[in-house]
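**Q** Below is one structure. I have some questions about it.
The values are calculated or read from the model by the stated rules, or taken from the named source; none is laboratory data. All values derive from a computational prediction rather than experimental measurement. Heads up, the Cβs are rebuilt from the backbone with ideal geometry, glycines too, and the neighbour counts pull from every protein chain shown. Ligands, DNA and RNA are excluded from the accessible area calculation, which covers all protein heavy atoms including side chains. Shrake-Rupley method; radii C 1.70, N 1.55, O 1.52, S 1.80 Å.
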Amino acid sequence: MLRATGLTRRYGGVTALSEVDIVLAPGEVHAVVGENGAGKSTLVKILSGVLRPDAGALSLNGAPVTFSSAGDAVGRGVSLVAQELAVFPDLTVVENLFPLDAPRRGPLLSFRRMAARAAPVLAELGLDVPLDARAGSLSLADQQLLEIGRALLRDPAVLILDEPTSALPSEAVDRLMVVLRKLVSRGVAVLYVSHFIEEVLRIAGRVTVLRDGRAVLAGVDTASVDLDGVVTAMLGDRKLTSYERRPVDPDRPPAVVVDDLAVAVAPGEIVGLAGLQGAGHLTVLAMLSGRARGRVNGAAAPRSPRAAVRAGTAFVPSDRKRYGLMLDKPVWQNTSVVAWLALGRGGRWLRRRAHVSAARSLVTRLRISGTPDDLVSSLSGGNQQKVVVAKWLLSDPALLLLDDPTRGVDVGVRAEMHGVIAAMAAEGKPVLLASTDLAELCELCDRVLVFQRGRVVARLTRAELSERALSVAMNAGFTA
Ligand SMILES: Nc1ncnc2c1ncn2[C@@H]1O[C@H](COP(=O)(O)OP(=O)(O)OP(=O)(O)O)[C@@H](O)[C@H]1O
Ligand SMILES: [Mg+2]
């Protein structure tokens, strides 16, 4: 249905994509995987008309084609769900689903007709929000579903998804898989970019692996590869970092107690927070980071994010766009901003050198592409997320709060970040970790607290932890 040959794209001196061929057949999911910065988003932006290639050609249904814009591609049946959320926060849900530039037949649709068209699509995706709600008021996961809904409503012949599930809880991922299977059975061609390699291998018929802009596996049948083979193709000679978690003494007195929610964390302990969307587990992080009122250690919780930072609390948010990055500033200024501005550490004269060198060591460890002097805006999505995490890790916090810290980062860096988090716990820092990635909770946590309706309903010890046990506890009492 869509074929690309010899796609090449440079950014200044960087070759983001180099002579890549890819074929999307009707009725098939084609997975594209690769490390952060490997060129995945560059590839899908070219396929969907967002970006022009420097070299190479596209053909659609056998005929050569040049997309003049993303709108042009949409008009020809190629729709993209981009990695970076692009909802219009001040418009309503329905206005976001039918943007003005979308091709439509006949006169403007009435709200009633739009609502009637949207309802079944949103129901399939499990997006249960009022159609006249402001899109900006939705959770990150719901905004992600809204974008997927917008693409589906265009009835695409080719649907391209760039990390659609990185912000989604597991139950929403399951629903998306059902929706994709239906599309595929109707003959739609799907290209699916993801860092959840097992997840894509399950749904995809073919897989392309990019490394440094080149296709090291090109459209290989997924029946002929396994997870190990794909990871090896992605990483080359590099090995996944391994780390050890020493069990903490369960009787250690807690370092932090959130009184309202009966949550306690001991020094050196990693406590996981799990729950379905809206279950209340994220309130713990909000209270401790000065974003919600409550009682902590028998006193009022920090009054503001600033007060929390001054008290030594680091908060790594899942939404890098909303909190946290100065896109037009270099990496090193972003990574050192907390330690520098908020905590006022070090003498003014020493600062720049010290911070650049501290930034450089984390840039190397987390494999942030480029140098500390590169602008954050020039980094790939996953590399931007690494900068968010790095700046908090560099602040040497007394308490570490993490919300989906590895969202959008590749398997190699995920393991490296886990190693850094485990090392911080080993230094005696208390850590609270919320994650939509249940495997991550199982790998890292000493205990996981499962929430429903604002309360802890289950406490799983390390010995009891499994993805299945977590999923059962999160869903207990609910029927589909
Ligand atoms: N606007 C830009 N200016 C300069 N360089 C860029 C720009 N966009 C991307 N790049 C570079 O191109 C390369 C490929 O980036 P791309 O976004 O395609 O990676 P990706 O595989 O999607 O990574 P991720 O998994 O992190 O999303 C990276 O080296 C990135 O730094
Ligand atoms: Mg990308």
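**Q** Could you check segment 154-176 and list, in sequence order, the residues that are of a type in the set (A, V, I, L, M) and open to solvent by 20 Å² or more (accessible area, probe 1.4 Å)?
**A** First, the residues of segment 154-176 that are of a type in the set (A, V, I, L, M): 157-161, 167-168, 172-173, 176.
Result: ALA157, single match.
**Q** Looking at LEU100, LEU109, LEU85, which is the one that is within 16 Å of ligand 2 (Cβ to nearest atom) and either modelled with pLDDT under 95 or in a loop (DSSP other than H, G, I, E, B) (or both)? Working first, answer last.
**A** On the way: LEU100 fails: within 16 Å of ligand 2 (Cβ to nearest atom); LEU109 fails: within 16 Å of ligand 2 (Cβ to nearest atom).
Among LEU100, LEU109, LEU85, only LEU85 is within 16 Å of ligand 2 (Cβ to nearest atom) and either modelled with pLDDT under 95 or in a loop (DSSP other than H, G, I, E, B) (or both).
**Q** Now, a different point. Could you list, in sequence order, all residues of segment 382-397 that are open to solvent by 10 Å² or more (accessible area, probe 1.4 Å) and outside any loop (DSSP other than H, G, I, E, B)? Lay out the reasoning, then the answer.
**A** Step one: filter segment 382-397 for residues open to solvent by 10 Å² or more (accessible area, probe 1.4 Å), giving 384, 391-394, 396.
Within segment 382-397, GLN384, LYS391, TRP392, LEU393 meet the criteria.
**Q** Pick from segment 16-50 the residues that are open to solvent by 30 Å² or more (accessible area, probe 1.4 Å) and within 16 Å of ligand 2 (Cβ to nearest atom): which of them is farthest from LEU85 (Cα to Cα)? I'd like the intermediate steps shown before the answer.
**A** So the first thing to find is which residues in segment 16-50 are open to solvent by 30 Å² or more (accessible area, probe 1.4 Å), and the list is 19, 21, 23, 25-28, 37, 45, 50.
Going one step further and asking which of them are within 16 Å of ligand 2 (Cβ to nearest atom), we end up with 37, 45, 50.
Working: GLY37: 18, LYS45: 14, VAL50: 15 Å.
Selected residue: GLY37.
**Q** While we're here: Identify, from the list VAL230, VAL209, VAL216, the residue that is over 30 Å from ARG453 (Cα atoms), away from ligand 2 (no atom under 16 Å from the Cβ), open to solvent by less than 10 Å² (accessible area, probe 1.4 Å) and in the same structural domain as GLU147 (by TED's automatic domain parsing). Walk me through how you get there before you give the answer.
**A** Details: VAL209 fails: away from ligand 2 (no atom under 16 Å from the Cβ); VAL216 fails: open to solvent by less than 10 Å² (accessible area, probe 1.4 Å).
Checking each option against the conditions leaves just VAL230.
**Q** Given the criterion in contact with a Lys or Arg (Cβ under 7 Å, 6 or more places away or on another chain) and in contact (Cβ under 8 Å) with a residue 60 or more places away in the chain, identify the matching residue among THR208, THR222. I'd like the intermediate steps shown before the answer.
**A** On the way: THR208 fails: in contact with a Lys or Arg (Cβ under 7 Å, 6 or more places away or on another chain).
None of the other options fit; the residue is THR222.
**Q** State the number of residues belonging to segment 145-176 that are assigned to a helix (DSSP H, G or I) and out of contact with any strand residue (DSSP E or B) (no Cβ under 6 Å at 6 or more places or on another chain).
**A** So the first thing to find is which residues in segment 145-176 are assigned to a helix (DSSP H, G or I), and the list is 145-152, 170-176.
Next cut, out of contact with any strand residue (DSSP E or B) (no Cβ under 6 Å at 6 or more places or on another chain) only: 145-146, 149-150, 152, 170-176.
Final tally of qualifying residues: 12.
**Q** Consider ALA55 against the criteria (1) modelled with pLDDT of 95 or more; (2) surrounded by 15 or more Cβ atoms within 10 Å (Cβ to Cβ): it satisfies all of them except one. Which criterion is unmet?
**A** That leaves (2) as the condition not met.
**Q** Return yes or no: is LEU43 within 16 Å of ligand 1 (Cβ to nearest atom), closer than 27 Å to LEU235 by Cα and assigned to a loop (DSSP other than H, G, I, E, B)?
**A** On the way: within 16 Å of ligand 1 (Cβ to nearest atom): yes; closer than 27 Å to LEU235 by Cα: yes; assigned to a loop (DSSP other than H, G, I, E, B): no.
Judged against the criteria, LEU43 is not a match.
**Q** Just to check your reading of the model, which residue among VAL296, VAL338 is at pLDDT below 80 and over 22 Å from PRO169 (Cβ atoms)?
**A** Details: VAL296 fails: at pLDDT below 80.
One residue alone meets the criteria, VAL338.
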